[in-house]
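Sharing a structure here in structure tokens format.
The values are calculated or read from the model by the stated rules, or taken from the named source; none is laboratory data. For clarity, every value in this text was computed on a predicted model and none was experimentally measured. All Cβ positions, even for glycine, are placed from backbone atoms using ideal geometry, and neighbour counts span all protein chains on display.
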Amino acid sequence: MNKSLFLMALIAVGAMAHAGISSVAGATTIVSPPASVRDDQTESNTQAFLFLEKGDVALGANLNVDAVAAGTYNSAGLLSTSQILAGTHVASYMLHADPVADLTKTWEGSMTFDEKILGVIATRGHLNDSDPILGNGGTIYPTGSPFDDSREFELGTAEYFVISNDLKSIRYRCVANTKFDQFRVVTESVPEPTSMAALGLGLVGLVRKARRKA
Ligand SMILES: [Ca+2]
Ligand SMILES: [Ca+2]
């Protein structure tokens with residue numbers, strides 16, 4: 001592979017990993033989709049991993065989500081099932097926090113998306129149900145493994161998430177004392193990968209131009 005092709009590939013991969021995510025803070029770390037988000041597969045004691053699962057999927061059926069309104073969700077009683085209607089184009093992201101071994105660890109951070117948040121999937125049942133629809137094709141999810149019941153946030157004063165008033169950001173705190181914690185964020189769909197590729201090509205062009213001048 002020649003240098004410019006390699007550079008283009010790097011830019012494309014970088015753009016894809018960050019697609020739709022404006023910024024993150026605190027423990028949140030953007031990664032490419034991991035091979036597995038089952039227990040003890042993708043671990044860090046300091047970082048909570050955020051990855052794009054699907055950039056643009058048209059829902060084939062109504063989708064159950066657990067939180068759609070701005071506010072603080074620090075009790076399971078504050079969650080209620082809402083539906084995103086069939087036919088809606090959405091993007092999905094997963095936050096995954098899993099300590100090395102089974103240590104008790106706390107992660108606090110935030111994330112801001114380019115597009116509006118349509119809902120957060122925060123219960124085990126709805127996470128399991130939505131894996132086949134919104135999950136990344138190359139990632140193995142917890143459903144059917146021994147610890148899939150550990151995947152949801154145990155909402156309380158120590159573990160919660162907050163949806164911002166503008167429906168663009170989520171702040172969270174989670175504690176994993178044995179296994180791992182996850183939630184899935186559903187937003188309006190992100191721009192097509194072709195525009196990302198075009199952006200990559202444009203950048204490659206700029207880099208080449210700069211090199212010629214140097
Ligand atoms: Ca672990
Ligand atoms: Ca937990």
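Only one residue in Tyr73, Tyr93 is within 30 Å of Ala58 (Cβ to Cβ) and away from ligand 2 (no atom under 16 Å from the Cβ), so which one is that?
Criteria check complete, one pass: Tyr93.
With respect to Ala67, is the statement that it is away from ligand 1 (no atom under 16 Å from the Cβ), farther than 15 Å from Glu188 by Cβ and of a type in the set (A, V, I, L, M, F, W, C) true? Working first, answer last.
On the way: away from ligand 1 (no atom under 16 Å from the Cβ): yes; farther than 15 Å from Glu188 by Cβ: yes; of a type in the set (A, V, I, L, M, F, W, C): yes.
So Ala67 fits the description; yes.
Would you mind stating whether Asp131 is charged (D, E, K, R), touching a strand residue (DSSP E or B) at 6+ places or on another chain (Cβ under 9 Å) and either within 22 Å of Asn45 (Cβ to Cβ) or not assigned by TED's automatic domain parsing to the domain that holds Leu50 (or both)?
Numbers: charged (D, E, K, R): yes; touching a strand residue (DSSP E or B) at 6+ places or on another chain (Cβ under 9 Å): yes; either within 22 Å of Asn45 (Cβ to Cβ) or not assigned by TED's automatic domain parsing to the domain that holds Leu50 (or both): no.
Spelling it out, it is not the case that Asp131 is charged (D, E, K, R), touching a strand residue (DSSP E or B) at 6+ places or on another chain (Cβ under 9 Å) and either within 22 Å of Asn45 (Cβ to Cβ) or not assigned by TED's automatic domain parsing to the domain that holds Leu50 (or both).
On to the next question. Output the residues belonging to the range 153-183 that are away from ligand 1 (no atom under 15 Å from the Cβ) and surrounded by 23 or more Cβ atoms within 10 Å (Cβ to Cβ). Please lay out each step first, then the result.
Start the filter on the range 153-183 by keeping residues that are away from ligand 1 (no atom under 15 Å from the Cβ), which leaves 153-173, 183.
Scanning the range 153-183 gives Phe153, Ile170, Tyr172, Phe183.
Taking the range 95-116 on its own, how many of its residues are in a strand (DSSP E or B) and within 16 Å of ligand 1 (Cβ to nearest atom)?
Applying the first criterion (in a strand (DSSP E or B)) to the range 95-116 yields 95-97, 105-113.
Going one step further and asking which of them are within 16 Å of ligand 1 (Cβ to nearest atom), we end up with 95-97, 105-107.
So the count comes out to 6.
Just to be sure, is Thr72 in contact with a strand residue (DSSP E or B) (Cβ under 6 Å, 6 or more places away or on another chain), assigned to a strand (DSSP E or B), at pLDDT 95 or above and under 27 Å from Gly144 (Cα atoms)? First the steps, then the outcome.
Values: in contact with a strand residue (DSSP E or B) (Cβ under 6 Å, 6 or more places away or on another chain): yes; assigned to a strand (DSSP E or B): yes; at pLDDT 95 or above: yes; under 27 Å from Gly144 (Cα atoms): no.
No.
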